[in-house]
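The values are calculated or read from the model by the stated rules, or taken from the named source; none is laboratory data. Everything numeric here is computed off the predicted structure, so don't read it as measured data. Positions of Cβ are backbone-derived with ideal geometry, glycine not excepted, and every protein chain shown enters the neighbour counts. Please note that ligands, DNA and RNA were not included when accessible areas were found on the heavy atoms of the full protein model with its side chains. Shrake-Rupley method; radii C 1.70, N 1.55, O 1.52, S 1.80 Å.
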Amino acid sequence: MKQNQNNIIIGIDTSCYTTSIAAISLDKKVIFNEKILLKVKKDSKGLRQSEAVFQHINNLGEIDSKIKSIINKYNVVGICASTKPRPIKKSYMPVFTVGYNFSKLCSTMIGCDLYETTHQENHIEASLLNNKLNEERFLSVHMSGGTTEILLCTKNKESYDIEIVGGSKDISFGQLIDRIGVKMGYDFPCGKYIDENALNCKSIIKQGLKTSVKEGYMNLSGLENQINNIIDDYDKEYISKLVLDAVVRNMIKSIEHISKEYNIKDIVFAGGVSASKYISKELTNRLRKYKINTYFTKPEYATDNAVGCALIGVKKFENKSLNYK
């Protein structure tokens with residue numbers, strides 16, 4: 001047991017808006033979980049990939065002393081990095097090359113194995129850390145700044161076989177929330193402000209925004225247009241509640257259809273949007289009547305992080321060790 005506690009896997013994820021590094025012991029205890037949000041100029045709706053790459057390089061330089069402390073205190077037996085957004089051939093974003101190359105350098109200097117995963121698998125694994133879900137097959141809803149997808153996940157030895165079975169056909173929930181938030185004067189990313197407003201809103205929504213959902217797939221740009229037409233007619237709390245209520249109703253329609261089609265009742269939520277207290281509460285309560293089980297994790301594991309990378313690294317290390325026996 002002590003050996004498992006001293007031997008660790010480091011996870012690294014350099015996404016579009018967060019530099020993340022984590023360390024997990026072989027008995028799956030979180031030793032370290034550090035993340036630095038990338039800086040976005042006020043009134044801006046995002047970052048160019050080139051800007052994000054530059055900030056990741058600087059951020060990893062800032063974390064170097066903490067990485068050195070981990071290396072000195074523990075025995076690093078592997079490093080696992082996100083190398084691309086999704087586990088498919090043509091998936092690519094420049095930001096992930098920063099974390100991968102940094103991990104490659106560190107693994108060579110330390111003399112440990114280097115493992116690869118994807119940002120999407122990282123999110124799924126992190127969302128399962130504090131959830132007692134033993135099903136081999138489940139749905140994972142990935143709601144983030146750039147992604148709104150419903151995934152059919154089947155466990156394999158080291159990770160998951162993933163199939164996209166639903167989601168948004170245009171903008172993501174994160175983009176919708178951030179665009180409305182910026183328009184209301186909040187700093188990017190705007191999720192925490194919108195969530196707080198919605199929770200504080202005492203007004204009852206008599207007529208929600210019109211949704212466009214068909215067979216598990218959603219069109220969300222129409223929601224943005226509807227909000228823009230009325231944004232000056234209501235206070236920020238009510239507008240925020242309208243937006244998140246629309247997120248919930250879109251998701252319920254999609255999940256209800258997909259749950260029936262694939263006969264699955266367990267839904268795991270991942271990504272920064274799933275950290276919303278309003279969304280998690282409403283989805284849990286409303287999906288209960290369809291006898292659908294919802295699994296939400298702690299905000300630090302829902303938003304971008306590298307804990308999932310480290311957990312996948314543990315699996316890959318264990319499988320490699322078994323193959324040597």
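Scan 166, 146 and give me the residue that is surrounded by fewer than 22 Cβ atoms within 10 Å (Cβ to Cβ), in contact (Cβ under 8 Å) with a residue 24 or more places away in the chain and more than 20 Å from residue 116 (Cβ to Cβ).
Step by step, each of 166, 146 is checked, and only 146 is surrounded by fewer than 22 Cβ atoms within 10 Å (Cβ to Cβ), in contact (Cβ under 8 Å) with a residue 24 or more places away in the chain and more than 20 Å from residue 116 (Cβ to Cβ).
I'm checking my understanding of the structure. Among residues of segment 40-52 that are modelled with pLDDT of 95 or more and closer than 25 Å to residue 302 by Cβ, which one is farthest from the chain's Cα centre (by Cα)?
51
Across segment 231-268, which residue is surrounded by the fewest Cβ atoms within 10 Å (Cβ to Cβ) among those that are of a type outside the set (Asp, Glu) and outside any helix (DSSP H, G or I)?
That would be 263.
Mind telling me which of the residues 17, 115 ends up being in contact (Cβ under 8 Å) with a residue 24 or more places away in the chain, farther than 20 Å from residue 320 by Cα and buried (at least 16 other Cβ atoms within 10 Å of the Cβ)?
None of the other options fit; the residue is 17.
I need a count of the residues in segment 169-213 that are open to solvent by less than 20 Å² (accessible area, probe 1.4 Å) and among the aromatic types (Phe, Trp, Tyr).
Qualifying residue count for the region: 1.
For segment 66-84, which positions are touching a residue at least 60 places away in the same chain (Cβ under 8 Å) and either under 20 Å from the mean Cα position of the chain (by Cα) or closer than 10 Å to residue 110 by Cβ (or both)?
Correct list: 75, 76, 77, 78, 79, 80, 81, 82.
Being touching a strand residue (DSSP E or B) at 6+ places or on another chain (Cβ under 8 Å), open to solvent by 10 Å² or more (accessible area, probe 1.4 Å), more than 14 Å from residue 122 (Cβ to Cβ) and at pLDDT 95 or above is true for just one of 55, 5. Which residue is that?
Checking each option against the conditions leaves just 55.
Those residues that are touching a strand residue (DSSP E or B) at 6+ places or on another chain (Cβ under 7 Å), open to solvent by 10 Å² or more (accessible area, probe 1.4 Å) and closer than 18 Å to residue 8 by Cβ, I need them from segment 118-143; list them, please.
Within segment 118-143, no residue meets the criteria.
Okay, residues lined up against (1) touching a residue at least 12 places away in the same chain (Cβ under 8 Å); (2) of a type in the set (Val, Ile, Thr); (3) within 28 Å of residue 76 (Cα to Cα):
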position: 267; (1), (2), (3): yes, yes, no
position: 273; (1), (2), (3): yes, yes, no
position: 283; (1), (2), (3): yes, no, no
position: 295; (1), (2), (3): yes, no, no
position: 315; (1), (2), (3): yes, no, yes
position: 318; (1), (2), (3): yes, no, yes
position: 322; (1), (2), (3): no, no, yes
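Scan segment 292-313 residue by residue and report those that are among the charged types (D, E, K, R) and buried (at least 19 other Cβ atoms within 10 Å of the Cβ).
304
Could you identify the single residue in 281, 289, 316, 320 that is charged (D, E, K, R), open to solvent by 20 Å² or more (accessible area, probe 1.4 Å), part of a helix (DSSP H, G or I) and in contact with a Phe, Trp or Tyr (Cβ under 6 Å, 6 or more places away or on another chain)?
316
Output the residues belonging to segment 60-100 that are open to solvent by 20 Å² or more (accessible area, probe 1.4 Å), within 27 Å of residue 156 (Cα to Cα) and of a type in the set (Val, Ile, Thr).
77, 83, 88, 97
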